[in-house]
Each structure stands twice: as structure tokens, then as C-alpha cells.
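Let me begin by presenting the structure, written as C-alpha cells, before commenting on it.
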Amino acid sequence: MTLMPIKKSIVILRMLDIFLDEGVLTKEQILSSVDMSEISFKRYIGEIRDYLRFYHPSWQVRFKRSNYTYVLDKGNAAPNA
């Protein structure tokens, strides 16, 4: 099956949507539905991390080697007033 190429912004938004809905993301979830390389996937994870660092400083995307998943850790910091 040939996968349709999708714009970078749509893929990043989809990845963020999965993080917000499920809290966990695997590389396979994205690579099985979008025509992109593993390197691009890692770059997009980096862009999500940069976004969170700026707009949600207490949130982090962590990689769990035990099960090869990326986990959204929302931290415990109180929101800014």
C-alpha cells in the first residue's frame, strides 16, 4: 500500500493530538499512516518538544526505552495566572 504524503504541519498536529488524547505515541503509529522517514519523525518530535518548552514549560515528551514509546509528561506545575 502506498501512503499519501502529508504536509509537515498536519503530521505534527496529528502527533500532538495523539499525545493529548492518549498520552503516548509510538513511531509505528505515525510511520504506518504517513509517508515519511524515521529521521523526519525524530525531527518532528523535536519540534513538538520545542513548542512545549516555550508554551507549556512544565510539559515534556520523554522516550521510554523499555517499550519504545514517547510519553507526554504534563508535570505538576501550576498554570500561570
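All of the numbers you see were taken from the coordinates with simple rules; none came from a lab. Since the model is a prediction, treat every value here as computed from it, not as a measurement. Note: ideal-geometry Cβ built from the backbone for every residue, glycine included; neighbour counts use all protein chains shown.
State all residues of segment 16-36 that are assigned to a loop (DSSP other than H, G, I, E, B) and within 17 Å of Arg49 (Cβ to Cβ); if no residue qualifies, say none.
If the condition is that a residue be assigned to a loop (DSSP other than H, G, I, E, B) and within 17 Å of Arg49 (Cβ to Cβ), then Gly23, Thr26 are the ones that fit.
Tally the residues that are in contact with a strand residue (DSSP E or B) (Cβ under 8 Å, 6 or more places away or on another chain) and touching a residue at least 12 places away in the same chain (Cβ under 8 Å), restricting the search to segment 64-77. Break it down into steps so the answer makes sense when it comes.
Within segment 64-77, the first condition is being in contact with a strand residue (DSSP E or B) (Cβ under 8 Å, 6 or more places away or on another chain), and the residues that meet it are 64, 69-73, 75.
So of that shortlist, the ones also touching a residue at least 12 places away in the same chain (Cβ under 8 Å) come out as 69-73, 75.
Matching residues across segment 64-77 total 6.
Report, by residue number, each residue of segment 13-54 that is closer than 19 Å to Ser66 by Cβ and in contact with a helix residue (DSSP H, G or I) (Cβ under 7 Å, 6 or more places away or on another chain). Before the answer, list the steps.
The first filter runs over segment 13-54 and keeps only residues closer than 19 Å to Ser66 by Cβ, leaving 19, 22-29, 42, 45.
Those that are closer than 19 Å to Ser66 by Cβ and in contact with a helix residue (DSSP H, G or I) (Cβ under 7 Å, 6 or more places away or on another chain): Leu25, Lys27, Gln29.
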